[in-house]
1. When the residues of the range 211-261 are narrowed to those that are under 29 Å from the mean Cα position of the chain (by Cα) and outside any helix (DSSP H, G or I), which ends up modelled with the lowest pLDDT?
2. Looking at 136, 127, can you tell me which residue is modelled with pLDDT of 95 or more and under 24 Å from residue 197 (Cβ atoms)?
3. Tell me which of these residue 19 doesn't satisfy, since it passes every other one: (1) closer than 27 Å to residue 166 by Cα; (2) touching a strand residue (DSSP E or B) at 6+ places or on another chain (Cβ under 7 Å); (3) surrounded by fewer than 23 Cβ atoms within 10 Å (Cβ to Cβ).
4. Can you give me the number of residues within the range 125-178 that are over 16 Å from residue 98 (Cβ atoms) and in a loop (DSSP other than H, G, I, E, B)?
5. Is it the case that residue 235 is without any contact (Cβ under 8 Å) to a residue 24 or more places away in the chain and either touching a strand residue (DSSP E or B) at 6+ places or on another chain (Cβ under 8 Å) or under 25 Å from residue 22 (Cβ atoms) (or both)?
6. Could you check the range 106-122 and list, in sequence order, the residues that are over 23 Å from residue 207 (Cα atoms) and buried (at least 19 other Cβ atoms within 10 Å of the Cβ)?
7. Do you know which residues across the range 180-191 are part of a helix (DSSP H, G or I) and either closer than 18 Å to residue 10 by Cβ or touching a helix residue (DSSP H, G or I) at 6+ places or on another chain (Cβ under 7 Å) (or both)?
8. Looking only at the range 192-210, count how many residues are within 14 Å of the chain's Cα centre (by Cα), surrounded by 19 or more Cβ atoms within 10 Å (Cβ to Cβ) and outside any strand (DSSP E or B).
């Protein structure tokens, strides 16, 4: 199954409506209006009203929404708001069972479950195969807390590599779009973000969750193939011309190599 490659998904707090337009002009592939972690309890209902008012006033705008988690007293109202035509999809935090995902998918919008707990990780094979799921991601901070990791330690990264492997594996088995890497929390560390993006891409992730507009350009630049790679890919496609296997620059080219060339060309924007 073919899916549009998502390189960046930018969060914007639902209680900061003055930031909605800026987020949408950031160049991010999708903007996620956050009703959950970024919004204090007393402002959650207002965050929802902020978004609905913005979408009514800006009919061309399209966003995703991170609802409050299943079981939260605002969750059902959040899902109802997601039926608005300006909402393209739902980001479901702390997803832990198929029923939670099915309930979100019943809005008619695609769902991106976030794996943020041991229970969510255990349920990952089932979640990935739930109808309505478009792609997966994970929350490194919440998951690390649940599994008693020390954030930023080499031990935590070794543990998270197992999580990344599971996300890649079950995304592929379920025919989903490839997953998004979790957030890079240091907003001012462009070099670190560039390194994290390239590392994630090497693992098979399509891109990253972003928490600030300035991160979007860094992520896109890191994911953009070099001119040499694009030139190679174009020559592979031009030379293939329906052939199953052939030589180019002294190397064998066959179906997997041709598929890689197509993938590189899809990332040239």
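1. Here the residue is 226.
2. After ruling out the rest, the residue left standing is 136.
3. Of (1) closer than 27 Å to residue 166 by Cα; (2) touching a strand residue (DSSP E or B) at 6+ places or on another chain (Cβ under 7 Å); (3) surrounded by fewer than 23 Cβ atoms within 10 Å (Cβ to Cβ), only one is false for residue 19: (1).
4. 12
5. Here the answer is yes, as residue 235 does meet what is asked.
6. Looking only at the range 106-122, we keep the residues that are over 23 Å from residue 207 (Cα atoms), and these are 106-108, 118-119, 122.
The answer is 107, and nothing else.
7. Of the residues in the range 180-191, the ones part of a helix (DSSP H, G or I) are 190-191.
The one that is part of a helix (DSSP H, G or I) and either closer than 18 Å to residue 10 by Cβ or touching a helix residue (DSSP H, G or I) at 6+ places or on another chain (Cβ under 7 Å) (or both): 190.
8. Result for the range 192-210: 5.
The values are calculated or read from the model by the stated rules, or taken from the named source; none is laboratory data. Computed from a prediction, not measured in an experiment: that's the story for all the values here. Backbone-built Cβ (ideal geometry, glycine too); neighbour counts: all protein chains shown.
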